[in-house]
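The block underneath contains the structure these notes are about, expressed in structure tokens.
The values are calculated or read from the model by the stated rules, or taken from the named source; none is laboratory data. As the structure is a computational prediction, the values presented were derived from the model and not from experiment. Here the Cβ positions follow ideal geometry from the backbone for every residue, glycine too, while neighbour counts run over all protein chains shown. Areas reflect the complete protein model, heavy atoms only, side chains present, ligands, DNA and RNA absent. Shrake-Rupley method; radii C 1.70, N 1.55, O 1.52, S 1.80 Å.
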Amino acid sequence: MRQEQDIKGFTILELLVVITIVAIVSAVGYPNFMEWRKDREVRAAAEKVASMLTGINTQAQKGYFPFVQFEVTPLKGSVRFKSKGMNQDTMSNKLNQASTKTLDCTITNSGYWDNHLVDIYTGEVGVHITGSGAVCFSKDGSYYETLGKIAGDVSIILCSRSNSSVCPTTKADGLIKPAYMIVWSRFANIEKHRWSGDAWTRQ
């Protein structure tokens, strides 16, 4: 009988205090968690894109595919990234054709690129373009071209889709964190930059 009298539970007041504390901590922590989650998603996509660009150019430098392409295609709710390669025989044939004697960074799914799809990745992020674009590299940098929506560009910007499906390119246009930029050169030097809120910093 004595043991039963010593058993105590929580009072309503104590439960209300605990619930209030949990609610306050959750309210304070939730925005930070969501910001961290968005940055993690965009950072992972940027690392994958940089890795794909580095990988396809390694294939070119080693001579597996002397002419390669990296393609970007915005989709509904995501962005698809592809890397493709062209065989030496195909490249030589195109360069020896009497009518053209050149290479083209054609965006196509069959035929031109020997159907050599090296890598493909679809990320739920935004990019700074609204249509397909591509960049092509050769082993020695002699054949280099940007095509489509990234014609003339040397970079691609990735941002969170919850911020915008089409990434702004400057602070004045509304660019906010998290955002990453992948930069390349005609000689396939790949860099990754992070938007600090005021400027791009190299990672």
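Here are the numbers:
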| item | result |
| --- | --- |
| The lone exception for residue 66 - which of (1) modelled with pLDDT of 95 or more; (2) buried (at least 20 other Cβ atoms within 10 Å of the Cβ) it fails | (1) |
| Condition met for residue 118 (among the hydrophobic types (A, V, I, L, M, F, W, C), open to solvent by 30 Å² or more (accessible area, probe 1.4 Å) and over 19 Å from residue 191 (Cα atoms)) | yes |
| Of residues in the stretch 69-101 being farther than 29 Å from residue 162 by Cα and β-branched (Val, Ile, Thr), the one surrounded by the fewest Cβ atoms within 10 Å (Cβ to Cβ) | 100 |
| Hits in the stretch 136-175 - residues which are in contact with a Phe, Trp or Tyr (Cβ under 9 Å, 6 or more places away or on another chain), of a type in the set (A, V, I, L, M) and part of a loop (DSSP other than H, G, I, E, B) | 154, 175 |
